[in-house]
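The values are calculated or read from the model by the stated rules, or taken from the named source; none is laboratory data. Since we're looking at a predicted model, the values are computed, not measured. Reconstructed Cβ throughout: ideal geometry from the backbone, glycine too, with neighbour counts over all protein chains shown.
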Amino acid sequence: MKRQPAGWALIGPPWGWLLLFFVAPLLLMAIYSLRPDMSGGLFNLDWTPTLKHYRTILEGESYLLLLGTSVRVAFVIAAMSTLLAYPLAYFLVFRAGKRAPLFLTLLIIPFWTSYLLRIIAWRIILRTTGLYALNSKVLLLDSFGAGEPFAIGLYRVTVIITLTYVWIPFVALPIFAGLQRIDRSLLEAAAILGSPPWRSFVRVTLPLSLPGVIAGFLMVFIPTVGEYVTPVLVGGSRSSLIGNIIQTFFGSGINWPLGSAMALIMLVGVLGLTILVARLIDLRRYLE
């Protein structure tokens, strides 16, 4: 009981911060999604709640198709980032030895550079490699009705390449932490019992590192679904994802209620997928 005030003093500021900058904006967005329009200003209370914006989204195939596309693109980016980050983290833990701190420092150095600068640098790289020129040539086929789908696919490839580069260090860190938790005596026991290295990796290292792998995957997947900066800077308007449409409704579109409804649907969808993954994969089995 004597420690209770000190405990509240420690957890109070974080809770207050989360309530003010996370819970309150979500509640405000949920309220705005029920407004028929923005007439009367932001703080107008003279309006009747309506679900017409949710009906517009659910009945309009274009919004749901764009949400599905955003989920697929985010899944590809998260999968590629995880596949590329795992060997990097494995090398740092099991092969780097005394040079591991140096390599880990080199891994986090990109964090010191502005996110926008790295995105613009990749835009320049992709432009000089000719991928943008290929897109422009493909767009010439639009007059024959054949170029648009392929061009959009190429623009989204540029977005996938750029975001995969951006997210690799973020994914490598939780995998690195998961690999460090593995008891080396388990690998020694497997070697003593005659298990070849590849089988030790499949039967021991990989299962025990799955919590870090899944954490890294979700760290990429969840924010990438709503990504809107990179598609605009790298892919342009032809690679728009659901985040770009939401940003348009909150910006030049001046339709906050519809943007709020789209954002909440996206949030519920991503949360549902995350819960499904947690249900299908029992992480506690790997943490025991």
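Take residue 122 and tell me if it is crowded, with 18+ Cβ neighbours inside 10 Å and either touching a strand residue (DSSP E or B) at 6+ places or on another chain (Cβ under 8 Å) or at pLDDT 90 or above (or both). Even if it seems obvious, please write down each step before you answer.
Details: crowded, with 18+ Cβ neighbours inside 10 Å: yes; either touching a strand residue (DSSP E or B) at 6+ places or on another chain (Cβ under 8 Å) or at pLDDT 90 or above (or both): no.
It is false that residue 122 is crowded, with 18+ Cβ neighbours inside 10 Å and either touching a strand residue (DSSP E or B) at 6+ places or on another chain (Cβ under 8 Å) or at pLDDT 90 or above (or both).
For residues that are of a type in the set (D, E, K, R) and in contact (Cβ under 8 Å) with a residue 24 or more places away in the chain, scanning just the stretch 30-53, find the one that is surrounded by the fewest Cβ atoms within 10 Å (Cβ to Cβ).
Residues of the stretch 30-53 that are of a type in the set (D, E, K, R), as a first pass: 35, 37, 46, 52.
Subsequent filtering for residues that are in contact (Cβ under 8 Å) with a residue 24 or more places away in the chain retains 35, 37.
Values: 35: 21, 37: 15.
In this case the residue turns out to be 37.
Taking the residues in the stretch 71-88 that are closer than 9 Å to residue 224 by Cβ and β-branched (Val, Ile, Thr) as candidates, determine which candidate is modelled with the lowest pLDDT.
73
So if I check each of 56, 69, which one is part of a helix (DSSP H, G or I), in contact (Cβ under 8 Å) with a residue 40 or more places away in the chain and over 17 Å from the mean Cα position of the chain (by Cα)? Steps first, please.
Numbers: 69 fails: over 17 Å from the mean Cα position of the chain (by Cα).
Criteria check complete, one pass: 56.
Could we say that residue 234 is modelled with pLDDT of 90 or more, surrounded by 21 or more Cβ atoms within 10 Å (Cβ to Cβ) and assigned to a helix (DSSP H, G or I) here? I'd like the intermediate steps shown before the answer.
Details: modelled with pLDDT of 90 or more: no; surrounded by 21 or more Cβ atoms within 10 Å (Cβ to Cβ): yes; assigned to a helix (DSSP H, G or I): yes.
Here the answer is no, as residue 234 does not meet what is asked.
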